[in-house]
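Before any comments, here is the structure.
The values are calculated or read from the model by the stated rules, or taken from the named source; none is laboratory data. Given the structure is predicted, the values throughout are model-derived calculations rather than measurements. Neighbour counts are summed over all protein chains in view; Cβ atoms, including those assigned to glycine, are modelled from backbone coordinates with ideal geometry. Note: areas computed on protein heavy atoms with side chains; ligands, DNA, RNA excluded. Shrake-Rupley method; radii C 1.70, N 1.55, O 1.52, S 1.80 Å.
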Amino acid sequence: MSPRQRKTASKLSALWWTKATIEDPKKKEKYLKSFTLYVDDQEVYEREIADALEADLQPVARSGIISQISKFDSNPPNNPQPPERSRE
């Protein structure tokens, strides 16, 4: 598979997941409250950057505007992978 085909497949997978999510009222409610921070157009970045972002957002979280800050380890052995269907 070429890099372009992989990128297209990845986008289609994300679209399938998004459609399935917004069609499920419980999932829709949950994910309307979740956001991803991008750094230089990347949603995965070095831990040091994630730690700095978290530190910068802590005052906002303490004010109650943000209810929770979560960081996720993108290393596959440390992070559950999506179900097979969403990887198609």
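Among the residues of region 31-38, is there at least one that is of a type in the set (Val, Ile, Thr) and in contact with a Lys or Arg (Cβ under 7 Å, 6 or more places away or on another chain)? Scanning region 31-38 turns up no residue that is of a type in the set (Val, Ile, Thr) and in contact with a Lys or Arg (Cβ under 7 Å, 6 or more places away or on another chain).
Can you pull out the residues in region 46-78 that are at pLDDT below 85 and more than 23 Å from Tyr31 (Cα to Cα)? The answer is Pro77, and nothing else.
Please tell me if Ala9 is open to solvent by less than 80 Å² (accessible area, probe 1.4 Å) and modelled with pLDDT of 85 or more.
Values: open to solvent by less than 80 Å² (accessible area, probe 1.4 Å): yes; modelled with pLDDT of 85 or more: no.
When the stated conditions are applied, Ala9 does not pass them.
Residues that are part of a loop (DSSP other than H, G, I, E, B) and at pLDDT below 90 within region 25-45 comprise Leu32, Lys33, Ser34, Phe35, Thr36, Leu37, Tyr38, Asp41, Glu43, Val44, Tyr45, listed in sequence order.
For region 51-88, the set of residues classified as under 13 Å from the mean Cα position of the chain (by Cα), open to solvent by less than 80 Å² (accessible area, probe 1.4 Å) and either closer than 30 Å to Thr8 by Cα or touching a residue at least 40 places away in the same chain (Cβ under 8 Å) (or both) consists of Ser70, Asp73, Ser74, Asn79, Pro82, listed by residue number. Return yes when Phe35 is hydrophobic (A, V, I, L, M, F, W, C), closer than 29 Å to Lys7 by Cβ and surrounded by fewer than 10 Cβ atoms within 10 Å (Cβ to Cβ) and no when it is not. Yes.
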